[in-house]
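Notes follow once the structure below has been shown.
The values are calculated or read from the model by the stated rules, or taken from the named source; none is laboratory data. All figures in this text were calculated on a predicted structure; none of them were measured in a lab. So basically every Cβ, Gly included, is an ideal-geometry build from the backbone, and we count neighbours across all protein chains shown. Heads up: the accessible areas ignore ligands, DNA and RNA and are worked out on the full protein's heavy atoms, side chains in. Shrake-Rupley method; radii C 1.70, N 1.55, O 1.52, S 1.80 Å.
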Amino acid sequence: MILSYTLRKYLFFLLLPLLAGVAVLTTPIKSDLSAFIIAGDNDEEMLLASEMQSGALSRRYVLSIVTPSGEAITATGQIDRLISQLQAIEGVTDVWRAEQSRAAFKIIGNIYAQHGAHLYSRDPETDLRIILSSEALSQRAAALKNALLSPQASIIKPIALQDPLLLSLNGFRAIADQSGKNLQPHQGPFQNLQLETAASGLDVGMQSSIHSRIISTFNNWNARQENQFRLEMTGVPVFAIATQGMIEDDITKLGALSSLALVVVFLWLFRSWRALWIVSSLLIATTAVAVLITHAVFGYVHGMTLAIGSTLSGVCMDYAIHGLVHGQNAPRDKREAAIACIWPSMAMGAITTSVGYGVLGFSGYPGFKQIAVYSAAAILSALLLTRYVLPGLLMNLPEAAMAGRKGILEYWLVFCSRHRAKILPPVVLLIAAAAGNLPSLHWIQDLQELTPEMDYLKATDKAIRERMISIEPGRFILISAKDAESALQKAEQVYPLLERLKTGHKLQDYFGLYPWILSAQQQQHNAALLRERLDSRVIKTWQQALTAQGLSTNKLGHPDYPETAPLTAQQLLASPLKHMVEHQLVINPERVLITIWLADHDPEAVQTALSKLDNVHYFSQRDLLNNLTTQYTERASILAATGMAIIFALLWLGYRRPWPALQTLLPSLSAAIIVAGGLSLTGQPLSFLHLTGFLLAISICDDFGIFFLENRGGEITLTYRAMAASMLTSTVAFGCLAIAETSVLKTLAAVVGLSVVIGFLLCPVMIKPRFSAEEPVR
């Protein structure tokens, strides 16, 4: 047996550095917080979320050059030089003035002149009667003359030679009117720029470098302008960089603080550096195994998984502590037997704790699935290492330092055992009062309230976007189809409905894909109808109008629109005009999305108008987040109830009777009720994260109930000491989350930390243990 212990010990210490090295060197760490929490419930929402996180919009920064003095920016030449310098940054694909995104008409001729017959109207039957009337043709001839004499003559002339009636510009007149109203950048002491990068906005490594270069480029440029400007930035990359920085800081702080705190608590309890080294080695092995298994399942490990997983240090240490306390209290040759004696309690506790973490995998929160895998791997490996490796590591340790020491918590045990009948009624009244307050709990209605640490970035984002457009942010119509042609045809069914809403003053305006693109079906119909209506009488009227303006009928008097292929969405996205449409037209192999942006509107009227169209949805980002908040809360409630039911069923199965199972759960359930009741008195709003925290606390606290009820070591004082050590390590691990910047972690710190302490203190009040190893569980 001694040889077996020796082999286990040396094999463990041989594999430990290899295991830890592989985990550290091969595991990629990600930090996208939205991917950790937010997921859509249907294909369209998931695809849209993916585009928002990694598509064209995610790659863009919005830069606002501000004059603190309040004077309007007139130095356009200096701004042009800044744009050139920003374009030279490695990884930047383009930089342009925000207003240029709606005024890039000088490149339209190269693309649209040959498609004049295709894109002149969404309603050719109505519009052609007007366009080809004598009065309209005279006006077009006059407008053509003025354009050819204007500074834009070099742009208009090539268009006119292919499209004498300038039909290719027909739709863009409406867009110019829109630009003068809803899409016009607001005037003021600022200049807005858009900067696009090649890398995804969530590629924080690349974006951090680009972000730093943007700042240094601006500072150098601003120094030459006598520092009269200030730079403000927003965009997905800005939020991603801030999020990663926050998570990395949390991981560093929590890792260092929780490790230090656990070391201090452990040394205070056991006063043995050797024991600390043994338990630390087991924790390193446990963490490495959990990281490697999570990496194998998901291909990466999220930073939030590591941050929340750091709390498992205290939970996983519990098994080693129970083994250490009971093992060291036994003679050296009986230490494995002592650990084997409490093995059923440890196994049951590990299973129920795994349930608490494991049900998170069914929550629908993307990141929590990873936590479920990570925690299950960590808990299982900690349990097996405690059972089969720890006995060999304890062989040369002296008797436990804490075995003969009596602490305040042990006095609490004695006090409760003597006065349980007097203590229990006030405790029951406290629980009843807390339960009575539960209906008055306040629930978070807006998912954005979960990230108050990002409020400063949200405020900057709002301020910058208010300077740019009057379109209502985060509200649009979402159209989905299997291909671009089907999506464009569906959009053409939507446009008339929106026009009627405008007429009824339910919608101020909207911005769709027309005049940039129409479906091939509509383009071909437009061209065929134009050729049919463009007869000799109309051509003669046009030639007379040209002659009246002194223009040549030889070059401009024969509007011939031969049959050509329609303009496709793919051609448009491959052209220099892609900036105008790529945020509204998303083409993927599985699905195509079109978004129609809305100005001020009546949401209910818009939803009613679209209700009969398939695959057309009114989309509100805030409504989506609010709905997700409700869905997550309802789902978390179901999961909490399901988790407790599974734990109870497992305990019932283990004890073969319901009452012992209920006894082990009573302290943890009571602790959760007391903490929730206290939160209701403070008025603090709760979220699905609080429910998740309560489930975790119950799954941890029920371990205390199992150990206390079963008392397999036969000495309740020794069992309670081990429980006290476990409670302190778990509380310290979760308590360290309170210093995190991430509100998600702070929430778990408060809920789990308080519930674990209260649940531990209630065990000797609510559970009467058996007092020998042979006594059956009642």
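Observations, loosely collected:
- Wholly within the stretch 385-477, helices (runs of 4 or more DSSP H) carrying at least 3 residues that are modelled with pLDDT under 85 and loosely packed, with under 13 Cβ neighbours inside 10 Å: 455-466
- When residue 268 is tested against (1) in a helix (DSSP H, G or I); (2) open to solvent by 30 Å² or more (accessible area, probe 1.4 Å); (3) in contact (Cβ under 8 Å) with a residue 24 or more places away in the chain, just one condition goes unmet, and that condition is (3).
- Residue satisfying condition, being without any contact (Cβ under 8 Å) to a residue 40 or more places away in the chain and part of a helix (DSSP H, G or I), within set 698, 646, 638: 638
- Some residue of the stretch 747-767 being modelled with pLDDT under 80, open to solvent by less than 10 Å² (accessible area, probe 1.4 Å) and not in a loop (DSSP other than H, G, I, E, B): yes
- Look at (1) modelled with pLDDT of 80 or more; (2) of a type in the set (A, V, I, L, M); (3) open to solvent by less than 10 Å² (accessible area, probe 1.4 Å) and you find that residue 337 fails only one, number (3).
- Taking the listed residues 579, 583, the one that is open to solvent by less than 50 Å² (accessible area, probe 1.4 Å), part of a loop (DSSP other than H, G, I, E, B), in contact with a helix residue (DSSP H, G or I) (Cβ under 8 Å, 6 or more places away or on another chain) and at pLDDT below 85 is 583, with no other qualifying.
- Checking each residue in the stretch 216-237 for being buried (at least 17 other Cβ atoms within 10 Å of the Cβ) and assigned to a helix (DSSP H, G or I) picks out 217, 218, 221, 222, 236, 237.
- Conditions (1) in contact with a strand residue (DSSP E or B) (Cβ under 8 Å, 6 or more places away or on another chain); (2) of a type outside the set (Val, Ile, Thr); (3) within 13 Å of residue 480 (Cβ to Cβ): number failed by residue 588: (1)
- Look at (1) at pLDDT 85 or above; (2) not in a loop (DSSP other than H, G, I, E, B) and you find that residue 169 fails only one, number (1).
- The combined condition, being surrounded by 14 or more Cβ atoms within 10 Å (Cβ to Cβ) and outside any loop (DSSP other than H, G, I, E, B), is not fulfilled by residue 513.
- Among the residues of the stretch 533-549, none qualifies, meaning not one is assigned to a helix (DSSP H, G or I) and either among the acidic types (Asp, Glu) or within 51 Å of the chain's Cα centre (by Cα) (or both).
- Residue list for the stretch 593-613, filter: more than 20 Å from residue 514 (Cβ to Cβ) and either in contact (Cβ under 8 Å) with a residue 12 or more places away in the chain or open to solvent by less than 40 Å² (accessible area, probe 1.4 Å) (or both): 600, 602, 603, 605
- Test: residue 590 is more than 25 Å from residue 503 (Cα to Cα), part of a loop (DSSP other than H, G, I, E, B) and either at pLDDT 80 or above or open to solvent by 40 Å² or more (accessible area, probe 1.4 Å) (or both): yes
- When each of 506, 502 is tested for being within 19 Å of residue 602 (Cα to Cα), more than 28 Å from the chain's Cα centre (by Cα) and free of Cβ contacts under 8 Å to residues at least 40 places away in the same chain, the lone residue that passes is 502.
- For the stretch 66-86, the set of residues classified as over 14 Å from residue 193 (Cβ atoms) and either in contact with a helix residue (DSSP H, G or I) (Cβ under 6 Å, 6 or more places away or on another chain) or at pLDDT 90 or above (or both) is empty.
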